[in-house]
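Data block below; observations after.
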Amino acid sequence: MADADFRRAVILKMVQKNMIRTQGDLQEMIKKRGFVATQATISRDIAALGLTKVFGVYKPPTDLTPPPNIGEYIKGRINNVKTAGDNMVIILTNPGEAGSVGLALDKSRWPSIVGTIAGDDTVFVACKNAEHQQDILFRLKEFAPEAFVY
């Protein structure tokens, strides 16, 4: 097994057994196991393994479980909510949390949501029409009323 493959196997086991929140945390953990890796190497390893941040913690691609309560999860993570036309809701989140918020919305199975696209701090939520857009806004306002103060 090549060094990179061995290191990645160790990283995968660490991610499965530990709550790793940052690349720096991961770098420290593998350093304790005798590996020397730069941040760029860690970043490439994360991409190669298909790791994603789920609810603020790195997870393997097959470990994408929904939050037990979406309201409790997204509370405090949403900073602002806007609309674009009749078919889009834009959610601004804390840095690094858009992916987790988008995933939580996808897993919520709200019938008004067609799908989400998330960046670092922005989630685009597609909906079927203006009525569905209003449903999404109503639900989000229940969980994050502070995000609706203009």
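The values are calculated or read from the model by the stated rules, or taken from the named source; none is laboratory data. If you're wondering where the values come from, they're calculated on a predicted model, not measured in any experiment. Virtual Cβ from ideal backbone geometry, glycine too; neighbours counted across all protein chains shown.
Could you grab me the full set of residues in region 114-150 that are aliphatic (A, V, I, L, M), modelled with pLDDT of 85 or more, surrounded by fewer than 21 Cβ atoms within 10 Å (Cβ to Cβ) and more than 14 Å from residue 77 (Cβ to Cβ)?
Residues satisfying the conditions are 114, 117, 126, 130, 137.
Determine which single condition residue 127 fails, assuming it passes every other condition in (1) touching a residue at least 24 places away in the same chain (Cβ under 8 Å); (2) touching a Leu at 6+ places or on another chain (Cβ under 9 Å).
(2)
Which one of these is surrounded by fewer than 19 Cβ atoms within 10 Å (Cβ to Cβ) and at pLDDT below 85: 24, 85, 76?
Details: 24 fails: at pLDDT below 85; 85 fails: at pLDDT below 85.
The conditions single out 76.
Return the only residue of 51, 92 being over 16 Å from residue 121 (Cα atoms), at pLDDT 80 or above and in contact with a strand residue (DSSP E or B) (Cβ under 6 Å, 6 or more places away or on another chain).
None of the other options fit; the residue is 51.
What single numbered condition from (1) surrounded by 15 or more Cβ atoms within 10 Å (Cβ to Cβ); (2) farther than 28 Å from residue 58 by Cβ fails to hold for residue 92?
(2)
Looking for something assigned to a helix (DSSP H, G or I) and on the phi < 0 side of the Ramachandran plot - is there at least one such residue anywhere in region 60-67?
So far as region 60-67 goes, no, none of its residues is assigned to a helix (DSSP H, G or I) and on the phi < 0 side of the Ramachandran plot.
Quick check on my filter: what residues within region 1-37 are touching a helix residue (DSSP H, G or I) at 6+ places or on another chain (Cβ under 8 Å) and more than 30 Å from residue 104 (Cβ to Cβ)?
Selection gives 1, 4, 7, 33, 35, 37.
Residues of region 1-55 being in a loop (DSSP other than H, G, I, E, B) and β-branched (Val, Ile, Thr), which ones?
Residues of region 1-55 that are in a loop (DSSP other than H, G, I, E, B), as a first pass: 1-2, 18-22, 33-38, 50-51, 55.
Correct list: 20, 22, 36, 38.
Could you give me the residue pairs with C-beta distances under 7 Å whose first residue belongs to region 25-45 and is more than 12 Å from residue 11 (Cβ to Cβ), whose second residue is surrounded by 11 or more Cβ atoms within 10 Å (Cβ to Cβ) wherever it lies, and which are 6+ apart or on separate chains?
Within 7 Å, the pairs are 39/23; 39/27.
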